[in-house]
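Student: Input: one structure, supplied below.
The values are calculated or read from the model by the stated rules, or taken from the named source; none is laboratory data. All values reported here derive from a predicted model rather than from experimental measurement. Cβ placement follows ideal geometry from the backbone for every residue including glycine, while neighbour counts extend to all protein chains displayed. Surface accessibility is based on the protein's heavy atoms, side chains included, excluding ligands, DNA and RNA. Shrake-Rupley method; radii C 1.70, N 1.55, O 1.52, S 1.80 Å.
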Amino acid sequence: MRRMREEPRGSRPPGARPSAFLLRRMTHEDLPAVMELEKASFTNPWSLELLRRELGHDWSVIFLLEEPIEEGGRRLLGISIFWIVHDEVHVLNVATAPEHRRRGVGRTLIEATLAEGRTRKCSLATLEVRKSNEAAINLYKSFGFRPVGVRPNYYVDEGQAAEDAIVMVLDF
């Protein structure tokens with residue numbers, strides 16, 4: 001499984017306002033940029049093949065959050081990968097580029113993920129989060145997610161002790 005890398009401090013000037021975010025679904029052309037973001041965000045990133053497979057599943061949704069750049073084009077800030085299974089949203093992966101953390105990227109991605117679930121008449125959202133990832137746990141709690149269980153030794157990183165996952169649920 002994956003561990004978040006340390007985020008850089010002071011990556012945004014004090015008082016700077018977040019720029020306009022652009023949300024869209026991932027396409028095959030986005031694979032190189034998404035792989036870069038995965039590698040920058042996690043010590044054990046998703047593989048190219050796994051991302052490719054997710055793009056082919058009817059139940060899988062991958063949102064990209066971007067911002068326009070001065071030179072033209074867009075910069076990838078974060079991704080959300082989730083499944084819609086019957087009336088449930090299963091959040092699999094939320095990642096923010098380390099240099100863009102603390103800008104509301106994760107919050108915007110979770111909002112969009114939950115909005116998609118509501119649009120599709122889902123009644124429940126679930127996810128797993130590292131027990132040590134207090135920032136993510138607090139973010140999820142701010143949306144109303146509540147812890148309902150623990151998956152022991154869910155995250156296994158090479159050369160590191162296994163870590164439990166907290167299972168969280170949100171009722172719509």
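Student: Between Leu64, Leu55, Leu76, Leu50, which is within 21 Å of Ala20 (Cα to Cα) and either hydroxyl-bearing (Ser, Thr, Tyr) or open to solvent by 10 Å² or more (accessible area, probe 1.4 Å) (or both)?
Tutor: Leu76
Student: May I pose another question? Test each condition in (1) buried (at least 17 other Cβ atoms within 10 Å of the Cβ); (2) within 15 Å of the chain's Cα centre (by Cα); (3) of a type in the set (A, V, I, L, M) for Leu170 and report the one that comes out false.
Tutor: (2)
Let's see how each residue does on (1) open to solvent by less than 20 Å² (accessible area, probe 1.4 Å); (2) under 24 Å from Gly56 (Cα atoms):
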site: Glu70; (1), (2): no, no
site: Val85; (1), (2): no, yes
site: Glu88; (1), (2): no, yes
site: Leu109; (1), (2): yes, yes
site: Glu116; (1), (2): no, yes
site: Cys122; (1), (2): yes, yes
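Table: residues versus (1) closer than 20 Å to Glu163 by Cβ; (2) more than 14 Å from the chain's Cα centre (by Cα).
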{"position": "His100", "(1), (2)": "no, no"}
{"position": "Val105", "(1), (2)": "no, no"}
{"position": "Leu109", "(1), (2)": "no, no"}
{"position": "Gly117", "(1), (2)": "no, yes"}
{"position": "Ser123", "(1), (2)": "no, yes"}
{"position": "Thr126", "(1), (2)": "yes, no"}
{"position": "Ser132", "(1), (2)": "yes, yes"}
{"position": "Ala136", "(1), (2)": "yes, no"}
{"position": "Tyr140", "(1), (2)": "yes, no"}
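Student: Now for a separate question. Given the conditions (1) open to solvent by less than 20 Å² (accessible area, probe 1.4 Å); (2) among the small types (Gly, Ala, Ser); (3) out of contact with any helix residue (DSSP H, G or I) (no Cβ under 8 Å at 6 or more places or on another chain), report the number of the one that Ala95 does not fulfil.
Tutor: Of the numbered conditions (1) open to solvent by less than 20 Å² (accessible area, probe 1.4 Å); (2) among the small types (Gly, Ala, Ser); (3) out of contact with any helix residue (DSSP H, G or I) (no Cβ under 8 Å at 6 or more places or on another chain), the odd one out for Ala95 is (3).
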